[in-house]
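The values are calculated or read from the model by the stated rules, or taken from the named source; none is laboratory data. Worth saying up front: this structure is predicted, and the values here are computed from it rather than measured. Here the Cβ positions follow ideal geometry from the backbone for every residue, glycine too, while neighbour counts run over all protein chains shown.
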Protein chains: 2
Amino acid sequence: MDAFMQAAFDEAQLGLKEGGIPIGSVIVHGGKIIGRGHNRRVQEGSATKHGEMDALENAGRQPASVYRDSVLYTTLSPCAMCSGAILLYGIRKVIIGEHESFMGEEELLRSRGVQIEVLDNPECTHMMKDFIASKPELWNEDIGE
Amino acid sequence: MDAFMQAAFDEAQLGLKEGGIPIGSVIVHGGKIIGRGHNRRVQEGSATKHGEMDALENAGRQPASVYRDSVLYTTLSPCAMCSGAILLYGIRKVIIGEHESFMGEEELLRSRGVQIEVLDNPECTHMMKDFIASKPELWNEDIGE
């Protein structure tokens with residue numbers, strides 16, 4: 001794993017240790033992490049703090065030019081909300097740990113010109129599959145059937 | 001204005017009084033407001049708390065069945081991030097105060113089966129146009145050219 005995906009993975013692991021859903025993200029600009037975060041659904045009862053959103057929030061208010069030249073790293077394929085945030089801010093490159101346990105809105109992102117790279121990283125996949133198997137009710141709580 | 005759009009408008013006005021961007025939203029389930037919010041970009045330096053996101057956050061963790069039967073009221077056409085959140089949570093009806101000062105992702109929402117109603121409410125339109133005219137740099141800060 002490269003250093004930035006490792007940082008996203010570490011965020012996910014931090015979330016897991018807190019009893020939360022293990023999804024983590026970092027935003028990289030000019031070779032430096034400007035925001036990092038992880039899913040806080042359990043920890044804060046939050047409906048909006050997914051890993052990507054938490055990283056965006058922690059990056060704070062940035063000018064459009066910074067977002068345009070940033071790369072978002074996320075351990076799991078981004079859902080509709082996080083993909084929408086990527087489109088809103090004009091982030092042009094997204095690197096995804098895996099999309100085997102959940103397929104997000106990659107097609108929508110591609111159709112809008114976002115460059116997507118999927119690493120199919122086995123550590124990311126195992127982390128998510130283990131979590132879903134151990135807490136299916138939490139995973140299915142909000143968007144489940 | 002009906003009572004729910006009025007509540008969204010009141011949220012927007014509250015944001016304006018706080019020195020913020022005047023966009024407000026409420027989420028209605030079973031004829032009752034279960035979440036309300038307004039844009040907090042200025043107040044909290046937040047990149048993710050748009051009116052709709054703040055209302056979702058304040059509604060707290062809800063089961064999928066509640067979102068599916070909820071109606072989102074928002075004073076302004078929802079951006080890509082907020083539209084993504086609407087899709088994520090499967091909210092099936094969105095009532096929009098106006099889309100003259102900003103056209104959000106209404107087409108995407110419609111293409112995914114979300115029912116959209118645009119009120120073209122003059123109070124909502126004037127509120128937004130006045131704000132953009134008075135603070136264009138704030139309006140253009142993050143997604144501007």
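Below, the figures for the structure above:
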{"quantity": "Single match in A:72, A:88, A:119 (criterion: without any contact (Cβ under 8 Å) to a residue 12 or more places away in the chain and within 16 Å of the chain's Cα centre (by Cα))", "calculated": "A:88"}
{"quantity": "Residues that are part of a helix (DSSP H, G or I) and either at positive phi or buried (at least 24 other Cβ atoms within 10 Å of the Cβ) (or both), drawn from region A:72-88", "calculated": "A:81, A:82, A:83, A:84, A:85, A:86"}
{"quantity": "Residue that is nearest to residue B:28 (Cα to Cα) [pool: residues in region B:89-113 that are part of a loop (DSSP other than H, G, I, E, B) and of a type in the set (Gly, Ala, Ser)]", "calculated": "B:90"}
{"quantity": "Members of region B:1-20 found to be part of a loop (DSSP other than H, G, I, E, B), under 19 Å from residue B:46 (Cβ atoms) and in contact with a strand residue (DSSP E or B) (Cβ under 9 Å, 6 or more places away or on another chain), listed by number", "calculated": "B:18, B:20"}
{"quantity": "Any hit, region A:102-112, residues being away from chain B (no Cβ under 14 Å) and either surrounded by 15 or more Cβ atoms within 10 Å (Cβ to Cβ) or in contact (Cβ under 8 Å) with a residue 40 or more places away in the chain (or both)", "calculated": "no"}
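Results for (1) buried (at least 18 other Cβ atoms within 10 Å of the Cβ); (2) at positive phi; (3) within 14 Å of chain A (Cβ to nearest Cβ), shown as yes or no for each residue.
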residue	(1), (2), (3)
B:5	yes, no, no
B:8	yes, no, no
B:17	no, no, no
B:31	no, yes, no
B:42	no, no, yes
B:54	yes, no, yes
B:60	no, yes, yes
B:70	yes, no, yes
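For every residue, the table says whether it meets (1) over 20 Å from residue A:49 (Cβ atoms); (2) in contact with a Phe, Trp or Tyr (Cβ under 7 Å, 6 or more places away or on another chain); (3) at pLDDT 95 or above; (4) of a type outside the set (Lys, Arg).
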{"position": "B:70", "(1), (2), (3), (4)": "no, no, yes, yes"}
{"position": "B:76", "(1), (2), (3), (4)": "yes, yes, yes, yes"}
{"position": "B:81", "(1), (2), (3), (4)": "no, no, yes, yes"}
{"position": "B:86", "(1), (2), (3), (4)": "no, no, yes, yes"}
{"position": "B:94", "(1), (2), (3), (4)": "yes, no, yes, yes"}
{"position": "B:100", "(1), (2), (3), (4)": "yes, no, yes, yes"}
{"position": "B:109", "(1), (2), (3), (4)": "yes, no, yes, yes"}
{"position": "B:117", "(1), (2), (3), (4)": "yes, no, yes, yes"}
{"position": "B:121", "(1), (2), (3), (4)": "yes, no, yes, yes"}
